[in-house]
Protein chains: 2
Amino acid sequence: MDYKQVAINKAKSLINSIPSEWLLDNIPSPEEQPNVNEYLDSILPENEKLITSSNANDLLHLQEIGKLTAYEITYAFCHRAALVHQLTNCCSEIFFDKAFNKAKELDDYRIKNNNKLIGKLHGIPISLKDQINLPQITTSIGYIAPHISKEFEKIITNRDENQNDISLIAEILQNNGAIFYVKTTVPMAMLGGETSSNLGTTLNSIDRNNACGGSSGGEGALIAGKGSIIGIGTDIGGSIRIPSAVQGLFGLRGSSNRFPYLNIANSYPNQIGVCSVVGPMCSNINDLIHVSKVILNDPLCIQDPRCIPIKWRDDEEEVNDKVTNIGFLRWDGEILPHPPILNNIDKVYNILNGNDDFNCQIIDENKLPVKLSQLGKLLLSFYNCDNFTEISNYCKLSGEPLSELFKRSFKFKEDNRMDNVEEFFNKVKLKYEYQLKFDKLFNELNIDCFIMPSYSTVCWNQGDNSKISNFYTRSINVLDYTAMTFPVGKVNENDVSFHRDDGEFINEMDENNWKYFNLAKQLGKPVTLQLICKRYKEEECCRIVKKIIELL
Amino acid sequence: MDYKQVAINKAKSLINSIPSEWLLDNIPSPEEQPNVNEYLDSILPENEKLITSSNANDLLHLQEIGKLTAYEITYAFCHRAALVHQLTNCCSEIFFDKAFNKAKELDDYRIKNNNKLIGKLHGIPISLKDQINLPQITTSIGYIAPHISKEFEKIITNRDENQNDISLIAEILQNNGAIFYVKTTVPMAMLGGETSSNLGTTLNSIDRNNACGGSSGGEGALIAGKGSIIGIGTDIGGSIRIPSAVQGLFGLRGSSNRFPYLNIANSYPNQIGVCSVVGPMCSNINDLIHVSKVILNDPLCIQDPRCIPIKWRDDEEEVNDKVTNIGFLRWDGEILPHPPILNNIDKVYNILNGNDDFNCQIIDENKLPVKLSQLGKLLLSFYNCDNFTEISNYCKLSGEPLSELFKRSFKFKEDNRMDNVEEFFNKVKLKYEYQLKFDKLFNELNIDCFIMPSYSTVCWNQGDNSKISNFYTRSINVLDYTAMTFPVGKVNENDVSFHRDDGEFINEMDENNWKYFNLAKQLGKPVTLQLICKRYKEEECCRIVKKIIELL
């Protein structure tokens, strides 16, 4: 079968898996209705909107006091997810029936046990990036081939041939009472700052004309559209943070192997020079902290031989009397972010600078020991160290071509061959040297953490990713620092552009990015920044972001 | 200059760095005087012997109450080390003057501060494997070239060109008051289960006719000869444990990057598939625990971007009311260890089996999910993944040939070329799969740890390493488990061989190894076993070994 037909069939089967009463008769165009929430809030019943606007803590509490059932919660999220999917194409798999059955089981359990909950995520729907394996659910990581046969799926994902396996992180969530109902879209091989593949394109829920970011783009669109409050994404160059940034979410990229990655499908799962990490994406910081704790405190984590055995450290989360030394890196000296981003960094600086709990300083971009673009280039050289042989081979299984996004974003190696181990080890060495240099900067500045842009723009039109740049996220993966995106405001009419002479542009990317800014198009869009902490400082990162959010 | 002449000059300069009054007029041959301690105990003064037989705790206490000076301690250890070196060739660098100066500084500090010690290793001499960098001291890691020029040293060790750098672990030890006085020998590139290179051969201090093990062989010989009580070695295939095993020492191989490796010279420092680890080798378990705590609790550890930020966990060391579920793996089903080893495993089993704190079980060797030899072969394939190009290139700098030990122990790849990244990643994958399988075994057997042989023999003649086998140590590096060698007894006259029909041998290695056993030659030699715990269980490993030692 032609790969295009496979994609068409897959899209149809997804729609068919939605109860017919939830199907929209007319799907408004992005021009007619750019914002998913405006549209859905106008058509959904109040009780469902109340549920999908709640946080996990409230939903748990309402169950505990018998005011809400897991089924009601699941129903509301499935319904909204079905609608968000129709508007954005954010789901790669939909399995509401399983979710309803699970919800009923949980309700039965609770009722039989005097409203006792089964675990700390009892009845909380959690959405999963397509890389996460669930029994009897396909994992395709952006390729066509797994939708043709389980044999192809096994080749690409290395999962059990009968699809009986489950990713360790999903097992942990499930054991704690989480309900799975959808998996979400990714670009081919999870490589890309947008989410499109030969299977289709996912739209941004805040503005459906825009890209939803990637590679955890389906997660971002679903959570931003309130079809989920807690999602699990992965990040090797910004894949959690980019979709979070362009859709105003909290996204945590922990250091390598802090969260268990066992049995998660991945591109280059054994490229251990710079590792993909798994982590939470949430619409609020408390849910993010809650789910992180549940995962990291679970004794199952050590089942992953690669997972670092550090449980959640309450003492690092709860330090309340400590002054946080925080730096502000307005830009990297190469790509000046758009005015709303600069203005919001200044806004946060001013608020924190007036608070006794913070000791603020501006970081001179000229003090960066290595250009972020150089870190980004090293990362890219890890991506293509096999000259994308794996990806090319997986495309051949179905006959699909490399996706347009992939071709726009990545280049094959100039010498068109794989690295040998000596070349690979030299990259590993370079990474280590860069880490040492940035650690030294932390020490010299005497900072605990710093705030910087998540991206050089707050959003972009679908397909325009190559007109802007992405070193603000990629650099952090090379350094393996803990990073979290967090929303700090919205673009407003004061975020006007300012003139920069042609001679002032640092390079072509800087010029392209700057000229891409269009206030009218960005008005009202969320502005999201990154907080960067040292390695394995997930608790500290959570604590500081929470504090900042409280102050904003 | 011919490489042989460089080696001769280096050996002479080492002897010249020993105070002339400490030079032996006649060095007895190994046949005349096999045992270093028997000889030295007959010629050294009582007060010095008392010091070199003490443990760190006693030496610290005696300083604190003003009964002993750091200078006296240092004098005794330098003196004995100088003699052990003359008998075994265990030192690669000797710098007693620096040690004496440091000792005087520490004494001054103590006296001025009312006997307060500067740190938890105040005045304790610590010997360092040659890989550890110290300012103005050459690091040659078994090659000739660094003794020709600092440029060559920089190429091989990646250290500062002015030799101003110090390995992080040495800095930590020094900050705590440790005194450095010698660095110790290694085989070329630290690859080998004996310690010889074109620079010379190191003898075993228990029996100078025997190999001292490797690659931390100089450390092993020095500590066994009581020229040191605490040494720092490294281990990627048994390099801490083999010299410890054949010389009756405690040697801890922690999991990857638990102890900080920053600025330690290494072969293939960026081969991160199976990492070399650094760790302590000691003549007693309390010193090993003490120095491990000092290192892991030091805030400097996080200066190493690769170091896992887990401080020493007292709660895991001090669990006293817990029953330890312990397995006993008498052999791996392929190479039957010699009778003294089997008998000592049985002895330990019987002692622990009668103790309420232990729940003992014999592990059926047929239950091993992967043969240890297979794990060992995977490790070897990591070693030579660049087809030993780095090693060949470093030899070329001086014109030295590959060492005889190297040629005896390792083979170039059959296809005589480097791995590409795809091949390397496949090895990383295989390692992960093996780890999962062994973790599963731990769970199925419900064991916290297990005891197994350290090696298939308790000792062997210099140069005979290829007649025996080494999968008992190598396999653990692939699994990345925590492992410690610990002495449990000595070979005695009951350790007689027993007949095995020719048809009973599992393979040629098994037969060769078995036939190598010679009770007369092994009588009185220490028997050392390994305790294997799961990853990052260093505290638990220390606790259990200590408990076993108390019971023996």
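The values are calculated or read from the model by the stated rules, or taken from the named source; none is laboratory data. Just so it is clear, the model here is predicted, and its values are computed rather than measured. Note that we place each Cβ from the backbone using ideal geometry, even for glycine, and neighbour counts take in every protein chain shown.
Might you let me know whether segment A:320-340 holds any residue that is within 11 Å of chain B (Cβ to nearest Cβ), of a type in the set (D, E, K, R) and surrounded by 23 or more Cβ atoms within 10 Å (Cβ to Cβ)? Taking every residue of segment A:320-340 in turn, none turns out to be within 11 Å of chain B (Cβ to nearest Cβ), of a type in the set (D, E, K, R) and surrounded by 23 or more Cβ atoms within 10 Å (Cβ to Cβ). Comparison of A:Gly231, A:Gly237, A:Gly273 shows that the only residue that is closer than 24 Å to A:Ala145 by Cβ and of a type outside the set (D, E, K, R) is A:Gly237. When the test is whether a residue is under 19 Å from the mean Cα position of the chain (by Cα), under 23 Å from B:Lys396 (Cα atoms) and not β-branched (Val, Ile, Thr), B:Gln131 passes it.
Restricting attention to segment B:167-197, the residues that are more than 16 Å from B:Gln462 (Cβ to Cβ) and either surrounded by fewer than 24 Cβ atoms within 10 Å (Cβ to Cβ) or more than 16 Å from the chain's Cα centre (by Cα) (or both) add up to 14. Within segment A:419-448, residues that are more than 9 Å from chain B (Cβ to nearest Cβ) and among the acidic types (Asp, Glu) reach partners that are buried (at least 18 other Cβ atoms within 10 Å of the Cβ) and part of a helix (DSSP H, G or I) with beta carbons closer than 9 Å, at six or more positions or on different chains, in the pairs A:Asp448/A:Phe442; A:Asp448/A:Glu540; A:Asp448/A:Ile544. Candidates in segment B:110-129 are the residues that are in contact with an Asp or Glu (Cβ under 7 Å, 6 or more places away or on another chain) and crowded, with 18+ Cβ neighbours inside 10 Å; of these, the one that is farthest from B:Tyr3 (Cα to Cα) is B:Leu117.
Could you list, in sequence order, all residues of segment B:368-390 that are in a helix (DSSP H, G or I), away from chain A (no Cβ under 14 Å) and touching a Gly at 6+ places or on another chain (Cβ under 9 Å)? Scanning segment B:368-390 gives B:Leu372, B:Gly376, B:Leu379, B:Leu380.
Only one of the numbered conditions (1) assigned to a helix (DSSP H, G or I); (2) under 24 Å from A:Asp287 (Cβ atoms); (3) in the same structural domain as A:Lys120 (by TED's automatic domain parsing) is violated by A:Lys67, and that is (1). For segment A:391-418, the set of residues classified as within 14 Å of chain B (Cβ to nearest Cβ) and of a type in the set (Ser, Thr, Tyr) consists of A:Ser392, A:Tyr394, listed by residue number. When every residue of segment B:390-400 is checked against the conditions, none turns out to be touching a Cys at 6+ places or on another chain (Cβ under 6 Å), of a type outside the set (D, E, K, R) and in the same structural domain as B:Gly327 (by TED's automatic domain parsing). Quick check on A:Glu151: is it acidic (Asp, Glu) and more than 20 Å from A:Leu300 (Cβ to Cβ)? Yes, satisfied. Select from segment A:504-536 the residues that are surrounded by fewer than 21 Cβ atoms within 10 Å (Cβ to Cβ) and either small (Gly, Ala, Ser) or within 14 Å of another protein chain (Cβ to nearest Cβ) (or both) and list them in ascending order. Answer for segment A:504-536, where residues must be surrounded by fewer than 21 Cβ atoms within 10 Å (Cβ to Cβ) and either small (Gly, Ala, Ser) or within 14 Å of another protein chain (Cβ to nearest Cβ) (or both): A:Ala520, A:Gly524. Filtered by the rule that a residue be under 26 Å from the mean Cα position of the chain (by Cα) and among the basic types (Lys, Arg), segment B:143-165 gives B:Lys154, B:Arg159.
Every residue, every condition in (1) of a type in the set (Ser, Thr, Tyr); (2) surrounded by fewer than 24 Cβ atoms within 10 Å (Cβ to Cβ); (3) in contact with a Pro (Cβ under 6 Å, 6 or more places away or on another chain), yes or no:
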site: B:Gly225; (1), (2), (3): no, no, no
site: B:Gly231; (1), (2), (3): no, no, no
site: B:Gly237; (1), (2), (3): no, no, no
site: B:Arg241; (1), (2), (3): no, no, no
site: B:Ser256; (1), (2), (3): yes, yes, no
site: B:Pro260; (1), (2), (3): no, no, no
site: B:Pro280; (1), (2), (3): no, no, no
site: B:His290; (1), (2), (3): no, yes, no
site: B:Asp304; (1), (2), (3): no, yes, yes
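Could you tell me whether segment A:468-476 includes any residue that is more than 9 Å from chain B (Cβ to nearest Cβ), of a type in the set (A, V, I, L, M, F, W, C), more than 21 Å from A:Asp364 (Cα to Cα) and within 17 Å of the chain's Cα centre (by Cα)? Within segment A:468-476, not a single residue is more than 9 Å from chain B (Cβ to nearest Cβ), of a type in the set (A, V, I, L, M, F, W, C), more than 21 Å from A:Asp364 (Cα to Cα) and within 17 Å of the chain's Cα centre (by Cα).
Could you check segment A:149-165 and list, in sequence order, the residues that are buried (at least 20 other Cβ atoms within 10 Å of the Cβ) and not acidic (Asp, Glu)? Hits for segment A:149-165 are A:Ile156, A:Thr157, A:Arg159. Output yes when any residue across segment A:484-500 is modelled with pLDDT of 95 or more and within 14 Å of another protein chain (Cβ to nearest Cβ), and no when none is. Checked against the condition, which is being modelled with pLDDT of 95 or more and within 14 Å of another protein chain (Cβ to nearest Cβ), segment A:484-500 yields no hits at all.
Within this structure, B:Ile285 fails the test of being of a type in the set (Val, Ile, Thr) and within 14 Å of chain A (Cβ to nearest Cβ).
The set of residues in segment B:60-118 that are within 30 Å of B:Glu38 (Cβ to Cβ) and polar (S, T, N, Q) comprises B:Gln63, B:Thr69, B:Thr74, B:Gln86, B:Thr88, B:Asn89, B:Ser92.
Residues satisfying the criterion are absent from segment B:527-540 (criterion: on the phi < 0 side of the Ramachandran plot and more than 20 Å from the chain's Cα centre (by Cα)).
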